[in-house]
Structure formats: structure tokens, C-alpha cells
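Read through the structure below, which is laid out as C-alpha cells, and then see the notes.
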Amino acid sequence: MNNIILKVKENITKRSQKSRAIYLDRINNAKIKNQNKKSLSCSNLAHVMAPMSDDEKKLLKEYDSYNMGIITAYNDMLSAHEPYHKYPSILKNELLKYSSTAQVASGVPAMCDGVTQGEIGMELSLFSRDTIAMASAVGLSHNVYDGAFFLGVCDKIVPGLVISALSFGHLPAIFVPAGPMKSGISNKEKAKFRQEYAKGNIKEKELLEVESSSYHSCGTCTFFGTANSNQMLLEMMGLQLPNASFVNTNTPLREELTKYSAKALHELKTKNISLSDIIDERSFINAIVGLMASGGSTNHTIHLIAMAKACGIVLTWEDFDEISKVTPLLCKMYPNGSADVNTFRDAGGMGVVISELIEKGLVFEDVNTVVGKGLKNFVVEPILKEGKLTFKKIDGLSKNLDVISSGNEPFNKQGGLKLLQGNLGQSVIKTSALLEKHLYVKQKAIVFTSQEQLQEEFKKGNLTKDFIAVVKYQGPKANGMPELHKLLPPLGVLQDLGYKVALITDGRMSGASGKIPSAIHLSPEAKDEGLISKIKDGDLIELDAINGKLNLLIEEDELESRIIENKDLSSNNFGVGRELFNVVRKNVSSASTGASIFALPGEEDL
């Protein structure tokens, strides 16, 4: 094993000792109390069985049979989640072969960031993660389940489901993906048309045709944003079937994989392997290594911290940074390259990536997974052989070195994300898609308090210069920390024109971002009186992604004399249901601690 990885693991274990012990004690107590249908009275159980078929009722009356809960994020507005409408039937029918049953325990909300980008609904996006965790918990709280399926793909949905699953860590669990749509127009071409629209060179109707050629059917969007980064993480953590995330939706292979998930969960229960027996510090380190090696979404520097917190593990951005320094960038998928996840799958997919990481000693191979002990179980390719699913061992070599490189000749010797630190606080930057000349920017600030304000100034022609855009009051406590995706086309146009531009914000960027040097998730945020709140137009700022520095270059006396502006944020408190989340904004933690309303085990009342 790499010594830095081992040191990070040691640090995490040490700082998590107290909260981890409390979590495991709670889970072990739940196991001892046997919190499932065996603890119910006859009246309770009768309510559970009432809507079931006669065959299912007969099985459920036999206390030795298993009843699995299905947590589903199905709706037919999300292309990635529409296929889930048929999954409960598939899973139920498959479990009957093993004399077991399943029920939909809960439906959870699932919003599409692609729909809400640039709209006020995006201010609910991050908070939907914790809402999903709570909604999932409501379903599982009936204590009639011996295990759980989690059906979810997209941005906040999977992290929310993981938080809930870990809270019910006494149960065996498996995640079941829906798969990506087939490739449409290339992501590079789509980005080009977006910039042409930002310039005013094409009309809205033309852009809609282009967008519809990209997002054109059921299945996950094909670029490597947060949704597909979720799928990568689930495989790195051993929670999903091996190398199965990127098998296209609505195909015979996809259906057989869904059936096999039922078999896998049944076997986990038979062997008494719960989620808490699978997930530990090593699982999260493997996930972070995968994030760095694949050039995945910056959103996971927030989500992984919140997910780990649910099982008493304390992660920090310093852990991410240390891991990134020793993890080679192995993948080039949009926005880090022109390929999409279908091309990535055809190049060998996660089986190749995991093989390379094992070979380099960068992941813990001897972890438990939903298909047995060892990440080597994931160096396979799922195929249909005479109509039957089999996991074929692969040699671990990339079939397309332009998409998945070897560990000996990576696209970059370091991972795709980096921590920036300085007098402005802590921030994260995605470096995997940046050209070397954009890694260092030292320019005067132009300050904005919304992405709409920047767009307006761009349209007026007032931004044709070198500058660093500072977009503040976009943090979790200010307005829910929306993704500021609509900043990218105008800034991309200016960068292409040769101007030296960068972005600093306490908000988030899309998982598809990366072309513009962007210091994001800045903590402390402006609402918490972070130094970003004192930045004025014309202030000199240094963004140094090479050395990991982010500093406001003005005299200390000048800083101390500045009074923080009293920005009126009341308009963020209502509209599209935002008034229902006021309590969340008041109690959410910083981005650097997961932007969560949940506390570590043992700290709930502190």
C-alpha cells in the first residue's frame, strides 16, 4: 500500500475514534434486538401483509423467510430514474425464486439539477440530499425488512440514500443503478453551441434542438458529472454490482443485472453480512481515490464528508488533498475530455480503473463488498452468455488509452481535485480539465452577488478584460448553495477570447464544470462573515492551483477597517417551497463539513 494512503487512513481512524465507536455500538444493539418483522405483533404484521398476494402472504407468515425493503427514487421526469418504474416488479419476482418477498418501503424525492440549473429551484437541490435521507428512514422505520434495495442514480439522490442506508447499517443493502442513455450529440459539440448562444450567435430554438440531441432518452446523462461520479463511487465502495454501473438502460444485460441484485442481497442476508460489515474508513478512502483517478465531480468533496459522518467517520478536505497528490489521473471523460461514459465502458470501465489502482497500491483491496471479500471481484466485465449473466474476468488493460490510461503513463501524476488554502479560507478546485496556463491567475476582482448579475454585465459588454469574478452569498446558509452552472458559458467565451479569468465563490459548480479555474465551496461563506464578504471591486486576488493557495492581497489594516455589508437575503426565504427549508438554512453546517443538518453520532444534542 502507498504510505500516504496508509497515513491518511491512520489519521481518519484516530480522529473518528469516538463517533465511530458510538455508531458501531448503536448498530450492534440493533442487530441484537433483531429489528425486523420478527419483533412485530400479529396486528402489526397483518397490516404489512394486507396488500400482498396470497403467495407472498404465505411466505411472510413463515418467519424464516426474508422480506426486503425497496427505497425508490422513481419519477418519470428524470431520464435516469424513469426506468425504475419496473424495477420493483423485477426484484419481487426474482426474490420469489428464493422464497422471499419485497415491498416498496418508501419513495423519495428526486429532483433534476439539469432542469433547475439557473432557476431558483436549484436552491433546494443540496438540501434535497438530507431530505432524501430522512424520507428513506421513514420507510425503513417500520422495521419489517431484512435487507434493503436502494434505487437511485443522480446528483443528491445517491448521497442521501447512502446516508440513510448507513443509519440502518444493521441491515444488508445493495444499490441498483438504472444505467446511462445511449450517446447522442457529443458533449464537446453541446458546449460549443452553449457558448454560441451566450454570444448571441444562435437562437433559443436552435439551442433547444442541440440540447435535445444530447438529452434524448431514458437513462443517465452520458457526461461524467455528479450522477455518473455517484455510480463510480458506489463501485469503489463495493455497494453496487461489479463494472455494472454504465451498462445502458432498457437492455437485456441491464435487466439481468437487476435480477442478480436480488440474488446478491438475498445472499448477503443468508450470510448475515450487513452494511456495517462492508463500510469502514477504507471504503471511503477507496471512494476518494476513485474520485481523483477518474476526475470526478467536485460535489463529492461535500457529499462524501456528509455520507461518512452518518457512520461516525470524520473526513476533511485535507484528506482529499493528500490522496489527490499521490493518485494519478487515469480517465478522460467530459468535461475532462471528449469521451462519455459509454466510451469509458467500452474501454473497460471501472474494471480497468480498479485494476490499475490495485496494481499501484492506492486502494484497500481486502475490503468487503456486496459480492464477497476483495475489490478484485470488481476487475470483471458483466456479459450475457447464452442468455445468462456471467462476470468475466478481464486482464485490467485499457481498450482505449485515450479514455483510460495506464497507471504507468497517466494523464496527470496527480488527481483531478485540489485544496486551496489562504487568508480567504478553504476552497476546492477541479484541475483535471484545466490547461496548465490556467492554473495560476492573479487579477483584480469584480464582485457579484448572483450569477444573473454576472450574465447581465457580460451581455452589456462590460467584462471584456482580465479579472477574477467573485460571486458571494451563494453558500449553504445564504441560499442553499445552488450550482452556478450558468456562469460557465460567459466565462468560457471570455477565456477563449484570450482573457485571463477565474471564479471564486462560496457556491457550487456543476459536476460538468472544469474549463474555468474555479475556487468553489469557499469556507467560511459570506453569510458566516467569511473574508469573501469583505472583497470589493478592484481588490487583487491570487488563485494558485499549482501550490494550493488562495489569497486576498490587500493590507491587513485595510481589511480590518472594512465593514461587512448587510446584504438582504430575505428573498431567498420563499418561492418554490423555499419557505419550508428556512430551518435547514439556519442549521446547516459549512461546505467543508458536508453542508449537512446531521450531526456525528454522539453529538446530536451538542
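Bear in mind that the values in this text are calculations on the coordinates, not laboratory data. Every value quoted in this text rests on a predicted model; they were computed, and no experiment measured them. With ideal geometry, Cβ positions are generated from the backbone for all residues, glycine too; neighbour counts draw on all protein chains shown.
Give the value in nm², to one decimal: projected area of the alpha carbon convex hull of segment 301-438, averaged over all directions. Don't skip to the end; give the middle numbers.
Working: hull surface 42.7 nm².
Result: 10.7 nm².
Relative to the first principal axis of the alpha-carbon coordinates of the chain, what is the inclination of helix 349-359, with its axis defined by its Cα atoms, in degrees from 0 to 90 and to the nearest 10?
Tilt of helix 349-359: around 80 degrees.
Could you work out [θ]222 nm for the chain from helices alone, using -39500 (n - 2.57) per DSSP H run of at least four and dividing by all its residues? Round to the nearest 500 deg cm²/dmol. It would help to have the intermediate numbers written out before the result.
On the way: 22 runs with 225 residues, N = 606.
After summing the helix terms and dividing by residue count, I get -11000 deg cm²/dmol.
Any chance you could run the full-extension gain for Asn566 through His216? It's 0.36 nm times the residue separation minus the Cα-Cα distance, nm to one decimal. Working shown, then result.
On the way: separation 350, 0.36 × 350 = 126.00 nm, distance 4.49 nm.
The Asn566-His216 span can extend by a further 121.5 nm.
Let a ≥ b ≥ c be the square roots of the eigenvalues of the Cα gyration tensor of segment 1-104; is it rounded (a/c under 1.5), or, if not, prolate (a/b larger than b/c) or oblate? Show your work: numbers first, answer last.
Details: a/c = 2.85, a/b = 1.57, b/c = 1.82.
Judged from the Cα gyration tensor, segment 1-104 comes out oblate (a/c at least 1.5, b/c at or above a/b).
Report Rg(Cα)/(2.2 N^0.38 Å) for segment 230-344, keeping two decimals. Write down the numbers at each step before the final one.
Working: Rg = 15.7 Å, N = 115, 2.2 N^0.38 = 13.4 Å.
The value comes to 1.18.
How large are Rg and Dmax for segment 93-238 when calculated on the C-alpha trace, in angstrom?
Final numbers for Rg and Dmax: 18.6, 62 Å.
So what are the radius of gyration and Dmax for the Cα set of segment 513-554, in Å?
For segment 513-554, the Cα-based Rg and Dmax read 11.3, 30 Å.
Which of the peptides 94-102, 82-90, 576-584, 517-525 is most tightly packed, and how do the rest follow, judged by the mean count of other Cβ atoms within 10 Å per residue? Write down the numbers at each step before the final one.
On the way: 94-102: 19.4, 82-90: 17.9, 576-584: 14.3, 517-525: 26.4.
Ranked by mean Cβ neighbours within 10 Å, highest first: 517-525, 94-102, 82-90, 576-584.
Mind scanning Lys527/Lys567; Lys182/Lys259; Lys360/Lys515; Lys199/Lys460; Lys33/Lys156; Lys188/Lys472 and naming the pairs with a C-alpha gap bigger than 20 Å?
Numbers: Lys527/Lys567 9 Å; Lys182/Lys259 22 Å; Lys360/Lys515 29 Å; Lys199/Lys460 11 Å; Lys33/Lys156 32 Å; Lys188/Lys472 29 Å.
Beyond 20 Å: Lys182/Lys259; Lys360/Lys515; Lys33/Lys156; Lys188/Lys472.
Exposure proxy check: His300, His47 ranked by fewest other beta carbons within 10 Å? Please list the in-between numbers first.
Values: His300 26, His47 12.
Fewest-to-most ranking of His300, His47: His47, His300.
If we restrict to alpha carbons, what Rg and Dmax does segment 169-290 come to, in Å?
Over segment 169-290's Cα set, Rg and Dmax evaluate to 18.9, 62 Å.
Note down the nm distance, to one decimal, between modelled labels 7 Å out along Cα→Cβ at Glu457 and at Lys192.
3.1 nm
What percentage of all Cα-Cα pairs in the chain are separated by more than 37 Å? Don't skip to the answer; put the middle values down first.
Details: 57636 of 183315 pairs.
So the portion of pairs separated by more than 37 Å is 31 percent.
In a shell of Cβ-Cβ distance under 13 Å around Lys156, excluding Lys156 itself, what net charge do Lys and Arg (+1) and Asp and Glu (-1) give? It would help to have the intermediate numbers written out before the result.
Details: positive: Arg129, Arg508; negative: Asp113, Glu123, Asp130, Asp155, Glu483.
Around Lys156, the charge tally is -3.
What's the percent breakdown of Cα-Cα distances in segment 460-583 across 5 Å bins, shortest bin first?
2, 9, 19, 20, 21, 15, 9, 4, 1
Please rank Met236, Met68, Met111, fewest neighbouring Cβ atoms within 10 Å first, as an exposure proxy.
Details: Met236 29, Met68 25, Met111 22.
Exposure proxy ranking, most exposed first: Met111, Met68, Met236.
To the nearest 0.05, what FRET efficiency results for Gln17 and Asp557 with a Förster distance of 51 Å applied to their C-beta separation?
Details: r = 43 Å, r/R0 = 0.85.
Step by step, r from the Cβ atoms, then E = 0.75.
For a footprinting-style exposure proxy, rank Met1, Met350 by other Cβ within 10 Å, fewest first. Mind dumping the intermediate values first?
Details: Met1 12, Met350 28.
Exposure proxy ranking, most exposed first: Met1, Met350.
So how strong a dipole does the chain carry about its Cα centre when Lys and Arg Cβ are +1 and Asp and Glu Cβ are -1, to the nearest 20 debye?
On the way: 69 positive and 70 negative charges, 221 e Å.
Roughly 1060 debye for the chain.
So if we plug the beta-carbon distance of Phe574 and Asn75 into 1/(1 + (r/R0)^6) with R0 = 22 Å, what FRET efficiency do we get, rounded to 0.05?
On the way: r = 25 Å, r/R0 = 1.11.
Calculated value: 0.35.
To test your reading of the geometry: what angle, between 0 and 90 degrees and rounded to tens, separates the Cα axis of helix 17-32 from the longest principal axis of the chain?
On a 0 to 90 degree scale, this one is about 30.
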